[in-house]
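Reading through the structure tokens given below for one structure.
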Amino acid sequence: MSRKKIEQINLSLTINGTTYVDISTPKFRNAIMMCDHDDFNDWANDDRCGKILAVQSTTSSYPYAYMVFNKDKRKFFHRYVMKHLVLDKDQVDHINHNGLDNRKANLRDGGNGVNSWNRRIGSTNKSGYKGVSFKTANNKWCAQITLDKRVKHLGLFHTAKDASDRYELANYRRDSGLCYEEL
């Protein structure tokens with residue numbers, strides 16, 4: 001690692017193949033990025049890569065690791081880690097919702113709506129469950145799931161918990177790669 005890069009890192013520590021890097025900024029104090037040690041070494045030895053900082057995305061409330069790339073461009077660190085697995089236009093999904101956890105085990109290709117599948121429950125959600133809403137016309141809870149921009153109705157239920165259980169089953173089947181009709 002060059003002396004310049006050593007000066008850019010406040011603190012880094014490697015434990016069991018995971019490197020923890022302090023990328024704190026005045027806005028994000030105590031921001032610790034995690035990545036696989038080999039990805040940290042790739043960054044450290046890549047002359048195109050500059051300082052890594054914690055920034056907030058325009059579409060999310062949690063911070064991400066951002067780095068200077070080719071002196072004048074900026075790039076999310078998770079995109080750098082996934083450089084051989086995704087195209088520039090593709091999204092990368094943080095499975096555990098932590099934008100600072102850039103270990104390969106926590107990242108996946110965000111194509112086909114994976115990022116929307118992995119969203120947290122919205123602030124306007126009244127049922128407390130993903131994929132569940134109340135239908136006043138039937139006085140029942142409705143479960144539905146979206147795949148390839150198509151909404152699949154999963155049924156009407158007496159309780160929100162029953163509707164949520166059906167949604168979770170369909171979500172599991174979808175993540176397992178089963179076809180749309182089998183949900």
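Take residue 22 and residue 153, extend 7 Å from each Cα along the Cα→Cβ direction, and tell me the distance between the two endpoints in nm.
5.7 nm
Could you list which residues have their amide H under 5 Å from that of residue 91, counting only those 5 or more apart in sequence or on another chain, with H placed in the peptide plane?
It is 110, 111, by chain and number.
Using Cβ contacts closer than 10 Å as the measure, can you line up 124, 14 from fewest to most?
124, 14
Could you list, in their original order, any pairs among 27/75; 104/130; 104/126; 75/104 whose Cα atoms are separated by more than 23 Å?
In this structure, 104/130; 104/126 lie more than 23 Å apart at Cα.
Just so you know, all these numbers are worked out from the coordinates, no wet-lab data involved. Nothing here was measured: the structure is a model prediction, and the numbers come from that model. Note that each Cβ is placed from the backbone with ideal geometry, even for glycine, and that neighbours are counted across all protein chains shown.
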